[in-house]
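**Student:** This is the structure I have questions about; it appears just below.
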């Protein structure tokens, strides 16, 4: 009697915000809610002030101060936002932002998909926003942050993914019979280190300082995209050399 042969599937996992999408889906949704006055009085002003301090690079952690300001404004107002209004904002943001992507990662996604890879998104952004964006760009599996809803209103119970991305990825590997051999992950901040460490071919894309230093210590590929050019950097004796460009 012949034994049944189970073929393990190759996979590639993408963080979306700052990796495929040129901004952050979460922040675009929060911004639009604030602009429409759905987060309460002065919310848009507070978010704008935090963003301006980040844009001015007032200190090394100014970006994360902006992130925390956006999260605070959103979560504070969340129990008072009607789910239908929230979905209307999601649709508006999706239509405006769906094509604002990096060319390197979009090309990589399409190339891997043509080679039979299962394409996975694990994002810290809202699941309702991740779903249409991921479907539009050809992802096979999309995981995002979940915000519990009952009777058309948010309960305030939230489940973010950024601290548990590797747990979700390892679960997906087991449930879908994925093979780590040939696997690829791409992320842009230190919050993605845990999933990059799981795969055989990690890529640090436009990395922040913490991710860059970690990538350098572990000989991970670094890719920088600026304007209409990207630059692939390969690790060599504790430093990086230019390996390839798209010219």
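No lab work stands behind these numbers, since they all come straight from the coordinates. If you're wondering where the values come from, they're calculated on a predicted model, not measured in any experiment. Backbone-built Cβ (ideal geometry, glycine too); neighbour counts: all protein chains shown.
**Student:** Counting DSSP beta bridges in the chain, what percent are antiparallel, to the nearest 5?
**Tutor:** 45
**Student:** Cα centroids of the range 197-218 and the range 19-80: how far apart, whole angstrom?
**Tutor:** After rounding, the separation between the Cα centres reads 26 Å.
**Student:** Fewest to most neighbouring Cβ within 10 Å: what's the order for 55, 221?
**Tutor:** 55, 221
**Student:** Per 0.36 nm of contour for each residue apart, how much would the distance between residue 245 and residue 35 grow if the chain were fully extended, relative to their Cα-Cα spacing?
**Tutor:** Separation in residues times 0.36 nm, less the Cα-Cα distance, equals 71.7 nm.
**Student:** To the nearest 0.05, what FRET efficiency results for residue 228 and residue 84 with a Förster distance of 51 Å applied to their C-beta separation?
**Tutor:** 0.80
**Student:** Taking neighbour Cβ counts within 10 Å as the exposure measure, how do 153, 39 sort from fewest upward?
**Tutor:** The order, fewest Cβ neighbours first, is 153, 39.
**Student:** To continue, here is another question. In whole Å, largest first, what are the principal axis extents of the Cα atoms in the range 24-100?
**Tutor:** Rounded to whole Å, the extents work out to 38, 30, 15 Å.
**Student:** Using only helices, what value at 222 nm comes out for the chain when you add -39,500 (n - 2.57) per DSSP H run of length 4 or more and divide by the total residues, to the nearest 500 deg cm²/dmol?
**Tutor:** My calculation for the chain gives -12500 deg cm²/dmol from helical runs alone.
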